[in-house]
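To keep things clear, I will list the structure first and then write my remarks on it.
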Amino acid sequence: MSHPSAVRIFLKTIAARAYPRFVSSYRNRTWLITETLLPLIGTIAMIYVYRALHAPSRYLGFVVLGGVLLAFWQNVIWAMATQFFWDRGAGNLELFAMAHTSLAAILLGMALGGAYVSLTRAIAILLFASTLFGVGYTAAGLLPALGVFVLTISALYCLGMLLASLFLFYQREAWQLADAMQEPIYFLSGFYFPIRSLGAFVGGLGSLIPLTLGLDAIRQLVLPGTPRFIPIRWEVLAILVQIAGYALLSQVSLRYLERQARQDARLILRST
């Protein structure tokens with residue numbers, strides 16, 4: 001009897017871990033309020049700030065697009081970065097490490113399962129806020145912006161896999177670390193304002209986060225007159241480098257975790 005290939009195991013692991021989260025979203029509909037309607041309040045509040053200042057209409061688009069990508073950042077933090085911390089406390093991490101699959105596939109499955117909620121939230125913010133406040137976008141830039149969006153999310157998930165290892169090293173401080181990262185990331189990524197206003201040094205530091213460059217590129221494509229941080233082609237190139245770099249670092253860290261977890265599991269089995 002032939003064994004399934006590594007690619008087949010990888011894909012089936014993603015599907016297996018994504019399925020429970022996808023199904024649970026239909027069993028408990030309260031997330032429609034907590035994850036979709038309530039985040040609209042924060043986005044709308046920032047839009048009213050810009051309207052009170054009589055800012056150009058493109059700044060309203062800054063807020064809307066920032067709210068869209070914010071949904072995916074929170075999915076990465078709470079569905080990927082902190083996941084192994086909770087699995088270790090529940091006693092599942094050793095089981096994952098001993099299974100004939102990769103930890104990367106498990107993380108991707110969990111993140112993709114939760115991405116349905118994030119995508120629903122992002123679409124709700126984009127459609128509702130844009131319609132309510134009359135935010136317009138350049139039609140010619142929509143398709144390239146979608147491509148940049150896919151690249152940004154890919155880089156973001158690679159970063160999330162790397163953070164999952166780092167958060168596990170911090171153990172009990174993982175929850176506090178996740179909370180502490182929220183506001184600085186909101187600031188450095190320029191969710192509600194052009195990143196160019198931070199200057200070259202702070203903006204360059206924020207560019208280590210895929211959201212920063214991806215959001216700036218999307219704004220340049222669909223919002224005419226957007227203050228440009230760097231040219232779009234350089235931002236896309238930097239995101240591609242981040243995908244490769246964060247993917248490589250995450251694989252190194254996850255393999256280290258697998259070795260450590262398997263050693264711990266063997267020691268536990270020998271002592272029993």
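The values are calculated or read from the model by the stated rules, or taken from the named source; none is laboratory data. These figures come from a predicted structure and were not determined experimentally. Here Cβ is always computed from backbone atoms with ideal geometry, including for glycine, and neighbour counts include all displayed protein chains. Note: accessible area is taken over every heavy atom of the protein model, side chains too, but ligands, DNA and RNA are not part of it. Shrake-Rupley method; radii C 1.70, N 1.55, O 1.52, S 1.80 Å.
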Subject >> Members of the stretch 211-234 that are free of Cβ contacts under 8 Å to residues at least 60 places away in the same chain and open to solvent by less than 20 Å² (accessible area, probe 1.4 Å) >> reply: Thr212, Asp216
Original post:
What residue, of Val135, Val148, is closer than 15 Å to Leu65 by Cβ and not in a helix (DSSP H, G or I)?
Top reply: Val135
Original post:
Mind checking which residues of the stretch 1-60 are of a type in the set (A, V, I, L, M), under 17 Å from Asn75 (Cα atoms) and either open to solvent by 50 Å² or more (accessible area, probe 1.4 Å) or outside any helix (DSSP H, G or I) (or both)?
Top reply: Leu32, Ile33, Leu37, Leu38
Original post:
Can you tell me which residues in the stretch 126-151 are among the hydroxyl-bearing types (Ser, Thr, Tyr) and surrounded by fewer than 18 Cβ atoms within 10 Å (Cβ to Cβ)?
Top reply: Ser130, Thr131, Thr138
Subject >> Which listed residue, of Thr43, Thr36, is in contact (Cβ under 8 Å) with a residue 12 or more places away in the chain, among the hydroxyl-bearing types (Ser, Thr, Tyr) and closer than 18 Å to Ala115 by Cα >> reply: Thr36
Subject >> Long-range neighbours under 7 Å by Cβ, at least six apart or interchain, first residue assigned to a helix (DSSP H, G or I) within the stretch 235-247, second open to solvent by less than 40 Å² (accessible area, probe 1.4 Å) and hydroxyl-bearing (Ser, Thr, Tyr) >> reply: Ala238/Ser207; Ile239/Thr152
Original post:
Of the conditions (1) within 30 Å of Asn92 (Cα to Cα); (2) open to solvent by less than 40 Å² (accessible area, probe 1.4 Å); (3) touching a Phe, Trp or Tyr at 6+ places or on another chain (Cβ under 9 Å), Gly245 fails just one. Which one is it?
Top reply: (3)
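Conditions tested, residue by residue: (1) small (Gly, Ala, Ser); (2) in contact with a His (Cβ under 8 Å, 6 or more places away or on another chain); (3) modelled with pLDDT of 85 or more.
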{"site": "Leu37", "(1), (2), (3)": "no, no, no"}
{"site": "Pro56", "(1), (2), (3)": "no, no, no"}
{"site": "Leu60", "(1), (2), (3)": "no, no, yes"}
{"site": "Leu69", "(1), (2), (3)": "no, no, yes"}
{"site": "Gln74", "(1), (2), (3)": "no, no, no"}
{"site": "Ala81", "(1), (2), (3)": "yes, no, no"}
{"site": "Gly89", "(1), (2), (3)": "yes, no, no"}
{"site": "Ala99", "(1), (2), (3)": "yes, no, no"}
Subject >> The lone exception for Arg58 - which of (1) within 18 Å of the chain's Cα centre (by Cα); (2) closer than 17 Å to Gly190 by Cβ it fails >> reply: (1)
**OP:** Provide a single number: the residues in the stretch 86-117 that are under 17 Å from the mean Cα position of the chain (by Cα) and open to solvent by 10 Å² or more (accessible area, probe 1.4 Å).
**Re:** 6
**OP:** Only residues that are part of a helix (DSSP H, G or I) and open to solvent by less than 20 Å² (accessible area, probe 1.4 Å): list them for the stretch 183-208, please.
**Re:** Ile185, Ile195, Gly203, Gly206
**OP:** Go through the stretch 151-176 and give me each residue that's at pLDDT 70 or above and over 22 Å from Val252 (Cα atoms).
**Re:** Gln176
Subject >> Count of the stretch 190-210 residues which are touching an Asp or Glu at 6+ places or on another chain (Cβ under 9 Å) and in contact (Cβ under 8 Å) with a residue 40 or more places away in the chain >> reply: 2
